[in-house]
Structure formats: C-alpha cells, structure tokens
Amino acid sequence: MRPQPTALTVLSPALLAAALLPLPGLAAPLTNGDFATGTFAGWTTDTDGAGAPTSLSPDFQILGSPGSYAARLEADYYSTPGNTGSTPLDQVQFANTLLQGLDLTTIPGHPFTLSFDWAFGGQETGAPDENVQIGLWDGTNFHAADGSLGFLLTQTAYGSGSFSVTLDSSFNNQPGWELAFQLNSGNNAYGSFLQLSNVEAVPEPGLIVPLGLAVLAGVRRLTRPRPRT
C-alpha cells in the first residue's frame, strides 16, 4: 500500500521554500553601493569636515557607464601639475571623505562582511604625499573590523585591489556606524585620486539551513509507509 499523504507532505514544497529564504528582517545595509544610479545617492560627500563641496568641483565624481560605475575622490590637482601658483582644481585642503551609515540589523550568529574594489593613483612619481584611510566611523574616530581604534585599510603607495573583511559580532545591531573612505591631501600640486566600486555589506550566512533540514527530516519521517495490520 502506498503511503498516504499527510498535511505536512502536501505542504512540504511551500514549507521547504520558506525554509530556504534569506534570513528575515535583514535590510540592505548599504544603499547604492555599486553607484548604479550614476550619482552619490545614499552617500554623504564631505570636504575638510565642512560638508559637500560645490557641485562644479571635481573633488567627487562618478565615472564609467551604466553597469560599471565607480566613485572617484581626488585631491591636490592643479592646472599646472607641480606648480602651487597655478589654479587649484579641487577645493580640498585637508581631506575628502565619502561616507554612508550602515544598517547592521541582524540576528545572533550572522555577522556582516564588508567588501569593495579600490584604486589609488595620480600624478606623483615617487611616494605620494596623499594617503588613503578607510574605516568604520563612529562620529569621532575611525575603527577597525574588530572594533578597536584604527582602520580597515590604509594606503600610502599607489596601487589597487579588492578588499573583504568580516566585522566582529560586537557591531551587530549597533546604530551610529558609518563606512568612511577618506583621501587625505598632501598639500602639493601633484594630484592623487581614490576610486571605489562594488561596495557591499552582506550578512552571512544567508539561509536558514537548520530550518530547511528540519523540514526535510519531518517530510521523510511522515512519508514512511505505514505498517500493514
């Protein structure tokens, strides 16, 4: 005799699908992290701690085309490279900073991984006077991924790469944190830039695996043939 379906076996496809959905309540921690809008929507641009520069300033730019946009911060570009008596092209005197608040809402056991692609380059022929500092900003200080004072990444030489790090669980569900990308001026006339793309903050793991396994076990148990009497 074939096993008779139970309520659980009838509903098992729907239950299984629900069990394998992404974790509930996890909002996107970042907005427009890939700059897909072709703008800085969701981001804050700041020059020297005084807020956004004028709209005509090249301190902050969006480069590329749909599907491959990137953000660019720059400092110390002049109309004549190396000549501080020529016209400065950027407004920055100290630092240009790109920031966005992080939504770190999650559940226990699901920390966040931050990742981004970066490139630091410019007109310097030796070690640049400009430098890059990237970290978690609490409104006063930069912090590293473990919560200590410091940075996620510092760069004093031109280069490029892909960066990824998992945040300490102490950040989970904590408000008031921003991801900050800072390009510090060298106060010379040889410009440098910081280019960013594919900025992501992802909670992990993304599936409720234990629930999915429990549903499968229940389906198997309740669909076993009943012994004949």
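Given the structure, is Gln133 closer than 15 Å to Leu196 by Cβ and either in the same structural domain as Glu200 (by TED's automatic domain parsing) or out of contact with any Asp or Glu (no Cβ under 6 Å at 6 or more places or on another chain) (or both)?
So Gln133 passes the test.
Checked against (1) surrounded by 17 or more Cβ atoms within 10 Å (Cβ to Cβ); (2) more than 15 Å from the chain's Cα centre (by Cα), Gln100 passes all but a single condition, namely (2).
If you go through segment 136-192 and pick out every residue that is touching a Pro at 6+ places or on another chain (Cβ under 7 Å) and assigned to a strand (DSSP E or B), you end up with 2.
Under the condition of being within 20 Å of the chain's Cα centre (by Cα) and over 20 Å from Gln93 (Cβ atoms), the residues counted in segment 122-136 number 3. Out of all the residues in segment 28-40, is one or more loosely packed, with under 11 Cβ neighbours inside 10 Å and at pLDDT below 95? No, segment 28-40 has no match at all.
Residue pairs whose Cβ atoms lie under 6 Å apart, separated by 6 or more positions or on different chains, with the first residue in segment 113-127 and in the same structural domain as Gly186 (by TED's automatic domain parsing) and outside any strand (DSSP E or B) and the second of a type outside the set (A, V, I, L, M, F, W, C) and crowded, with 18+ Cβ neighbours inside 10 Å, are Gln123/Tyr190; Gln123/Gly191; Glu124/Tyr190. On inspection, Ser162 does not qualify as small (Gly, Ala, Ser), farther than 20 Å from Phe112 by Cα, out of contact with any helix residue (DSSP H, G or I) (no Cβ under 8 Å at 6 or more places or on another chain) and modelled with pLDDT of 95 or more.
Flag: Asp76 matches the condition of being in contact (Cβ under 8 Å) with a residue 60 or more places away in the chain, surrounded by 14 or more Cβ atoms within 10 Å (Cβ to Cβ) and not basic (Lys, Arg).
Go through segment 44-66 and give me each residue that's in contact with an Asp or Glu (Cβ under 9 Å, 6 or more places away or on another chain) and farther than 30 Å from Asn172 by Cα. Result: Pro53, Ser57, Pro58, Asp59, Phe60, Gln61. Of the residues making up segment 153-180, those that are within 15 Å of the chain's Cα centre (by Cα) and closer than 26 Å to Gly126 by Cβ are Leu153, Gly161, Ser162, Phe163. Scanning segment 111-129 for any residue that is of a type in the set (A, V, I, L, M, F, W, C) and out of contact with any strand residue (DSSP E or B) (no Cβ under 9 Å at 6 or more places or on another chain) turns up at least one such residue.
The values are calculated or read from the model by the stated rules, or taken from the named source; none is laboratory data. Nothing here was measured: the structure is a model prediction, and the numbers come from that model. Reconstructed Cβ throughout: ideal geometry from the backbone, glycine too, with neighbour counts over all protein chains shown.
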